[in-house]
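Reviewing the structure listed below.
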Amino acid sequence: MLLDANDDANLTNYHHLLSEKPRIAIGIYWMMVIVSTHPIASTSPIRIIRFLPWCIVHLPIDSSTSSSPANSCRTISSWRNFIFKTSSYRRNLISKTSSCRRNIISKISSCRRNLISKISSCRRNLISQTSMCRRIRASRIFLPSMTTNLLRRHCLTTNSSSAAVASVPWISPLQILRKEPDLPPQSTSNVDSSDHNRWRRSYILHSTAIQMITTSRDAQLALDIFNHAGSQSGFNHNNETYAAILNRLARSQKFLAIDALLVRMRQEPCRFNEAVILNLMPYFSRASLCDKTLDLFHAIPSLARSKPSMKAFSTCLNNLVVHGRFDLAERLISDADKKYNLTPNVCIYNILIKHHCKVGDLDSGFAVLDSIRDSQDFPNLITYSTLISGLCSSGRLKDAFKVFEEMNERDKITPDAMIYNILINGFCRNSMTDKAATMLGFMRANGCEPNIVNYSTLMIGYCRENRYDKALAVFNSIPTHNLKPTRFATQL
């Protein structure tokens, strides 16, 4: 019998049928339960299922089916409890199944995410290691060919005609384009072009670039390597690469290229070490470019991004004093005090004393010694050795010996073999070798054992006076003091 959920007359007849026949009602109920759980179940049986519990509860008592009203009530109650328990069991089973299904799905998803992350991590590590090995292998393979081709290019440039060489300027670190030399014959050009592309494709590491720049035999070749390394993708020059190229150019006295590099260094984002600038000062000073030496000192704040240290102050001052630029030394002292607030220490004072002793102005040297004491600082062994050497060079041996005694008595500085050797040399140069010989015994009495330099200085003094027997006696006494004569002492 087909029923429509919207037909009220059919529902009334169906309710009467269920009320008359309880067993038919129970059968139809379970049939509707099975149909309602089917995926393609319609909505009509579902509405009828809502109606069935009321029919079951209001079933009439039939004497033909039940022996007594009590039995009929117990039968209805037992059916009703069975139906409710079955529905409850079904709901619990469905909820537990859904919960287990959700847990399994979550665990599978978690395992899948962990597996994907591990695979991605392993893939990234493998790619990075492969790339690093490829770069290292490329640098090792193409390094010899790169150096060979750079040398070949340099030879082609230097072997050009004199007019062509005169027209080719020095390449600057700013990579200014220059005129290329004449091409070799066609066969050689093809080979050189392929080799050139080969080393251009290789990736140069920082350590490789520093090694190639340092060991290159020509400054132009070193600059080509520097420029090629800087043109690579992902390569940035650092403090070490700039130090290598600056030292290489300074050894070849390419000071114009150094100036261009210093301009380029100011535009770099990295911070440079002060030692890079200090290593250039002796090269400029020996080339009589002391003005450039002073400019290097003032360039330290823009390159090192900090004010110059006392080491930079003393290094620059010493280079200026050694090469006789005392006017620049005075300007340096004034600028250091006004611009950088650098107060002179004992090392600076010692350089000034050396400056005054070199020009023979010993009174100014002793004035500097007084300035050391006024600044609540103390002179050291180098201070006194510089003053004693200046006095001995001027022939003021008595004053030198007085300063020697003052060093020991006033400032409690123990003299070493170097200061004794200054006095021995001073006596020998002033034809007082016998007094110089007594200095050896004076040294032993004060707990300072003479060394081979002291004996050699005394032997030279005897030889200047043509007293070779005395010099030979000093030479023969050297082994008795557990000393070994040097080659220089043997040749005397």
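Since every read-out is calculated from the coordinates, none of them should be taken as a lab result. Keep in mind the model is a prediction, meaning the values are calculated, not measured. In this analysis, Cβ positions are derived from the backbone assuming ideal geometry, glycine residues included, and neighbour counts consider all displayed protein chains.
Summary table
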| quantity | calculated |
| --- | --- |
| Top positive-direction residue, dipole computed over the stretch 274-343 with Cβ charges, set LEU317, SER302, LEU328 | SER302 |
| Burial order of peptide ranges 460-472, 219-231 (average beta-carbon count within 10 Å, highest first) | 219-231, 460-472 |
| Positive minus negative residues near LEU249 (Lys, Arg vs Asp, Glu; Cβ under 12 Å) | +1 |
| Efficiency of FRET from Cβ geometry, LYS307 and MET432, R₀ 45 Å, rounded to 0.05 | 0.35 |
| Residue order, fewest to most surrounding Cβ atoms within 10 angstrom, among SER106, SER309 | SER106, SER309 |
| Rel. contact order, % - alpha carbon contacts under 8 angstrom, at least six apart, the stretch 274-343 | 32 percent |
| Gain on full stretching of the segment that runs from ILE104 to ASP363 - 0.36 nm per residue minus C-alpha separation | 83.4 nm |
| Links that overshoot a 26 Å alpha carbon limit, given the list LYS402/LYS435; LYS358/LYS398; LYS402/LYS470; LYS307/LYS358; LYS412/LYS484 | LYS402/LYS470; LYS307/LYS358; LYS412/LYS484 |
| FRET E, pair LYS85, ARG112, Förster distance 60 Å, beta-carbon r, rounded to 0.05 | 0.90 |
| Dipole magnitude of the stretch 415-491 about its Cα centre (Cβ charges: Lys, Arg +1; Asp, Glu -1), debye to nearest 20 | 140 debye |
| Segments 425-436, 91-102 sorted - mean Cβ within 10 Å per residue, highest first | 425-436, 91-102 |
| Compactness of the stretch 345-405, expressed as Rg and Dmax over alpha-carbon positions, Å | 10.6, 31 |
| Local electrostatic count at PHE427 - Lys and Arg +1, Asp and Glu -1, tallied over other residues with Cβ under 11 Å | +1 |
| Debye, to nearest 20: dipole size of the stretch 345-405, +1 on Lys, Arg Cβ, -1 on Asp, Glu Cβ | 220 debye |
